[in-house]
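Working notes, beginning with the structure itself.
The values are calculated or read from the model by the stated rules, or taken from the named source; none is laboratory data. Keep in mind the model is a prediction, meaning the values are calculated, not measured. Note: ideal-geometry Cβ built from the backbone for every residue, glycine included; neighbour counts use all protein chains shown. For the accessible areas, the whole protein counts, side chains as well, though only heavy atoms, and no ligand, DNA or RNA atoms are used. Shrake-Rupley method; radii C 1.70, N 1.55, O 1.52, S 1.80 Å.
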Amino acid sequence: FHNVCRHRANRVVDTPCQGLSNLVCPYHGWTYRLDGKLLRTPRIGGQRAHNDPNFDMTDVDLKPVRVAQWLDYVLVNIDGKAPAFAEHIAPLRALLSDYDLTDLRMSDSWAIDFPANWKLTIENAIEDYHLPFIHGGLLRDVVEARPRLDFAERCFYANSSVFEYRDRSRANKAMALNAGLPWLLRDAPDVERRTFVISVFPTGFINTRVSYLWLWLILPDGAGRTRVDTRYYYKGEAATDPAFAEARHRIVEEMGLVL
């Protein structure tokens, strides 16, 4: 629901909470059930009169907002006019159909502030044109990237690559970063080892690798600053298993160089 009391537009919930049976506005004590229904209006009719026959309670419930969850993103449709979420997300599901996204668990997380607006931050993040000049180490010994662009209106934009290296040792070194971690990418002859950089409109961002997902939130913080929160996800217990601690550390260390 919109976090707005229907009486004087006060914020109903202003701190994280759980286990509540009702939601109580701190301004005048209007009380709502967890389904948004207005339950009580203390003293609305006088000192001890918590109801008033002249006050119609039928149209003052909390206003609902359409929400859906995909991976660890919560997507919100404020005006209620978006298509059904399954329809909206279908192109992105299709794009990642070779990845097993079940039983993903979060491991590491960190954040950084960029001294730039949201538009500059996100547009820089989703293009690879700058890589040879800024992140040359990521392309060392790469002879072919086999780039591809994908797009679904109002849902996502993605660029992706399949790196081909000058020699097998460099390719093996790139794969060694995964160090035995269970793969998310389906390992089959007909599946490319294609990794994606995806802008999920408007503030989501996904970087895929064979054994993990790197999820971002790119959040504007005024006209000249952007906050980027990042999280790493692995399959099942690989996210916390001490046997993979070194591999997870190397991944965070290497990908941290990008930002």
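Per-structure values
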read-out: Largest-first ordering by accessible area, 1.4 Å probe, given options K235, K37, K81; value: K81, K37, K235
read-out: log10 of Debye I(q)/I(0), alpha-carbon scatterers only, for the chain at 0.08, 0.15, 0.16, 0.17 Å⁻¹; value: -0.46, -1.16, -1.27, -1.38
read-out: Other-chain or far-sequence residues with amide H under 5 Å of F156's (modelled H); value: F201
read-out: Length released on extending from H130 to K37, taking residue separation times 0.36 nm less the Cα-Cα span; value: 28.3 nm
read-out: Within a Gaussian network of the chain (alpha carbon springs, distance under 10 Å), most fluctuating of I198, I112, I126; value: I112
read-out: Most to least packed among 222-232, 146-156 [average Cβ atoms within 10 Å]; value: 222-232, 146-156
read-out: Solvent-accessible area, 1.4 Å probe, carbon plus sulfur percent, for the chain; value: 53
read-out: Solvent-accessible surface (1.4 angstrom probe) belonging to R209, in square angstrom, nearest 10; value: 60
read-out: Potential lengthening between R11 and D79 on full extension [0.36 nm per residue; Cα-Cα distance subtracted]; value: 22.5 nm
read-out: For the chain, Cys with no neighbouring Cys Cβ under 4.7 Å; value: C17, C155
read-out: Listed residues T240, T208, T203 arranged by accessible area, highest first, probe 1.4 Å; value: T240, T203, T208
read-out: For the chain, built as a Gaussian network whose Cα springs stay under 10 Å, the top-fluctuating residue of Y212, Y233, Y32; value: Y32
read-out: Most fluctuating residue given options N159, N207, N54, as computed from a GNM of the chain linking Cα atoms under 10 Å; value: N54
read-out: In Hz, Karplus ³J(HN,Hα) per residue of region 63-68 (6.51, -1.76, 1.60; θ = phi - 60°; x = Gly, Pro); value: 7, x, 10, 6, 9, 8
read-out: Accessible-area value, W30, 1.4 Å probe, nucleic acids and ligands omitted, Å²; value: 10
read-out: Shape call, region 1-143: gyration tensor on alpha carbons, a/c limit 1.5; value: prolate
read-out: L185, L20, L219, L75, ranked by accessible area, largest first (probe 1.4 Å); value: L20, L219, L75, L185
